[in-house]
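> I'd like to ask some things about the structure below.
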Amino acid sequence: MVFSSSIFMFFFLPLVIIGYYLLKENYRIYFLMLASLFFYAWGEPKYILIMLLSITINYTFGMLIHKNYVHKTSAKILLIMGVASNLGILFYFKYFNFSINTVNRVFNTNFALGNIVMPIGISFFTFQSMSYVIDLYRQKVNVQKNPAKLAFYISFFPQLIAGPIVRYIDIEEQIYKRTESIEKFISGVQRFVIGLAKKVIIANNMGYVTDLVFANPALENTTATAWLGIICYAFQIYFDFSGYSDMAIGLGRMFGFEFLENFNYPYISKTITEFWRRWHISLSSWFRDYVYIPLGGNRKGNVYANLFFVFVLTGFWHGANFQFLAWGLWHGFFLIIERLFDSREVHNKKSIPLRYIVTMLIVLAGWVFFRAPGLRYALKYLGIMFGLVSSENVGFTIWYYLSPKVFFILSMAAITATPVLKLALNVLKIHNMLAVKCMVSVLTFILLFVCIVFVTASSYNPFIYFRF
């Protein structure tokens with residue numbers, strides 16, 4: 001079930017909201033847990049068994065680690081077994097066929113591939129589950145003895161399929177006690193509508209242009225068309241993913257929950273390091289706290305090797321494909337370069353425009369690896385972008401793709417990808433809070449109406465990060 005679908009907005013969500021607020025407070029978590037399992041089972045019922053297996057594994061190892069706190073060696077062995085169990089499920093569904101394919105290519109063997117379909121959102125709920133058992137071992141959270149409440153944490157539908165990755169430590173207290181109010185509910189609706197608009201108005205339209213450009217053989221694009229295609233993709237993936245995160249945060253607020261932010265205007269970054277502080281914050285902070293720091297971080301071992309390893313994992317987390325590995329290594333390489341050449345001169349205010357341009361060039365070039373259908377295609381596409389390769393048999397110029405509608409949405413995307421509108425709204429709030437509230441309410445209603453028109457008129461278009 002997709003947040004931007006009619007079935008979700010007009011049936012599932014209203015029924016869940018009504019049911020939730022009609023029930024007594026003690027039963028609301030259990031109701032949300034059942035609704036979330038139903039939500040996950042909607043598309044492919046058999047994969048609910050994988051979700052239930054994940055819940056059972058993490059509940060069991062959580063209880064075992066809790067009972068063996070005093071026996072450090074035993075607790076550590078149980079932690080390793082728990083993490084290995086989670087990674088084993090993830091490996092089988094996401095990386096097994098990739099591994100077999102790689103072995104066949106390298107050693108010229110002919111091992112059979114499995115008939116495996118990856119359960120949607122498995123990377124997200126697996127990382128959430130591991131954060132629980134790891135933090136339990138570190139004694140940062142209390143054991144959850146109620147299996148239904150742990151099932152709720154792992155399966156809660158707003159962030160289940162495409163993040164943000166919500167850690168148990170951030171939601172533990174809210175499972176038992178949270179603030180539910182009309183103000184928070186309205187705030188949640190507004191945030192949901194903003195996310196919906198990002199998806200159906202900006203991301204989907206940018207995706208349409210991107211798909212047209214990347215459907216061409218790489219060499220059949222002009223340099224201008226190649227730049228248009230990747231710029232549209234940069235906006236598509238940002239507004240698609242941040243839109244989903246906004247919708248998840250908004251849905252959480254409707255039920256009294258507060259999730260941490262997952263994006264903070266990444267396209268205003270002046271370094272790759274800053275980009276990763278602003279992009280997919282829940283993933284980058286997860287790898288920082290559970291991989292980078294345990295490896296030694298900045299203090300122990302080889303910091304460059306640690307960064308390299310983390311970005312290998314970051315690439316592969318996104319998919320079992322060498323393109324994603326190349327994308328991770330691309331970002332890891334420039335992070336290492338920035339750390340090697342860090343100096344006061346680099347952070348001089350006069351160099352800000354140049355640093356911004358260089359950072360965006362690196363990010364855009366990286367998105368080519370992420371979007372291209374293969375590594376060879378990506379390299380040819382980059383060659384066209386930077387004028388290193390000549391185009392052949394060009395079918396359409398940039399003006400075929402850059403219609404007035406596309407130009408308008410591109411302009412809107414460029415503006416809303418910066419905090420300009422947010423800053424303007426904050427200024428207005430200082431002068432007349434009541435007027436601004438009324439204005440925001442009216443604009444939210446209008447935006448919702450426009451989004452509904454787009455939803456009913458468009459075909460099925462899942463979020464990009466569903467496949468991760």
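> If you scale each eigenvalue of the Cα gyration tensor by 5 and take the root, what three semi-axes come out for segment 195-292, rounded to whole angstrom and sorted largest first? Write down the numbers at each step before the final one.
Working: eigenvalues 169, 70, 20 Å².
Largest first, segment 195-292 gives 29, 19, 10 Å.
> Still on this model: Using +1 at the C-beta of Lys and Arg and -1 at the C-beta of Asp and Glu, which of M385, F408, L423 has the Cα lying farthest in the positive direction of the dipole of segment 354-444?
In segment 354-444, that residue is L423.
> Ranking request for peptides 20-29, 228-237: highest mean number of other beta-carbon atoms within 10 Å first, then the rest in descending order. Don't skip to the end; give the middle numbers.
Values: 20-29: 13.3, 228-237: 24.1.
Top to bottom by mean Cβ count within 10 Å: 228-237, 20-29.
> Let me ask something else about it. Top to bottom by accessible area (1.4 Å), largest first, where do F454, F3 land?
Descending order: F454, F3.
> Tell me the per residue accessible area of segment 1-146 using a 1.4 Å probe; a whole number in Å² is fine. Can you show the working numbers first?
Numbers: 7670 Å² over 146 residues.
The answer is 53 Å² per residue.
> With helices defined as uninterrupted DSSP H runs, which ones in the chain have an alpha carbon span along their own long axis of at least 27 Å and mean Kyte-Doolittle hydropathy of at least 1.6? Could the numbers behind the result be given before it?
Working: long enough: 48-67 (29 Å, 1.49); 72-94 (32 Å, 1.06); 223-254 (46 Å, 0.72); 352-371 (28 Å, 1.65); 433-457 (36 Å, 2.56).
Span-like helices, by this rule, are 352-371, 433-457.
> Sticking with this one: How about K24: which lysines have a C-alpha closer than 25 Å to its C-alpha, ignoring those fewer than 8 places off in the same chain?
Counting by Cα, and skipping residues close in sequence, K24 has these lysines nearby: K145, K149, K177, K184.
> Here's something else I'd like to know. Ordering M81, M1 from largest to smallest accessible area (1.4 angstrom probe), what's the sequence?
Numbers: M81 90, M1 30 Å².
Accessible-area ranking of M81, M1, largest first: M81, M1.
> Tell me the Rg and the Dmax, in Å, that the Cα atoms of segment 113-257 produce.
In order Rg, Dmax, the Cα atoms of segment 113-257 give 19.5, 60 Å.
> Taking the Cβ-Cβ separation of L425 and Q139 as r and a Förster radius of 51 Å, what is the calculated FRET efficiency to the nearest 0.05?
About 0.75, to the nearest 0.05.
> Just want the answer: with Cβ charges of +1 for Lys and Arg and -1 for Asp and Glu, which residue in Y137, T179, F125 is farthest toward the dipole's positive end in segment 103-238?
Y137
> Right, another one. What is the ratio of the Cα radius of gyration of segment 236-360 to 2.2 N^0.38 Å, with N the residue count, to two decimals?
Compared with the compact-globule rule of thumb, segment 236-360 sits at 1.16.
> Mind checking Rg over Rh on segment 43-199, alpha carbons, Kirkwood formula for Rh?
1.06
> In addition: For the pair F454 and L113, how long in nm is the line joining their label points, each one 7 Å along Cα→Cβ?
3.4 nm
> Provide Rg over Rh for segment 1-84; use the alpha carbon set for both Rg and the Kirkwood Rh (inverse mean inverse pair distance).
Across segment 1-84, the Cα-based Rg/Rh ratio is 1.16.
> Considering only protein heavy atoms and a probe of 1.4 Å, how much of the accessible area of the chain is carbon and sulfur, as a whole percent?
Of all accessible area on the chain, carbon and sulfur atoms account for 67 percent.
> Give, to the nearest whole percent, the P(r) tail of segment 129-187 beyond 16 angstrom, counting all Cα pairs.
Everything past 16 Å amounts to 49 percent.
> Based solely on its DSSP helices, what 222 nm [θ] is calculated for the chain when runs of n ≥ 4 H residues each add -39,500 (n - 2.57) and the sum is averaged over all residues, nearest 500 deg cm²/dmol?
So the helix-based figure for the chain works out to -21500 deg cm²/dmol.
> Ordering K67, K199 from largest to smallest accessible area (1.4 angstrom probe), what's the sequence?
In descending accessible area the options line up as K67, K199.
> Extension gain T56-S99, at 0.36 nm per residue separation less the Cα-Cα distance, in nm?
Working: separation 43, 0.36 × 43 = 15.48 nm, distance 2.70 nm.
So the extension gain works out to 12.8 nm.
> Let me ask you something else. Average the reciprocal distances over every distinct pair of alpha-carbons in segment 79-139, invert the result, and give the Kirkwood radius in Å. Could you put the intermediate results ahead of the total?
Values: mean 1/r = 0.0763 Å⁻¹.
So the Kirkwood estimate lands at 13.1 Å.
> How large is the accessible surface of S403 in square angstrom, using a 1.4 angstrom probe and rounding to the nearest 10?
Its heavy atoms expose roughly 40 Å² to the probe.
The values are calculated or read from the model by the stated rules, or taken from the named source; none is laboratory data. Note that this is a predicted model, so its numbers are computed, not measured. All Cβ positions, glycine included, derive from the backbone under ideal geometry; neighbour counts span all protein chains shown. The protein model used for the area step is the full one, side chains on, heavy atoms only, and it has no ligands, DNA or RNA in it. Shrake-Rupley method; radii C 1.70, N 1.55, O 1.52, S 1.80 Å.
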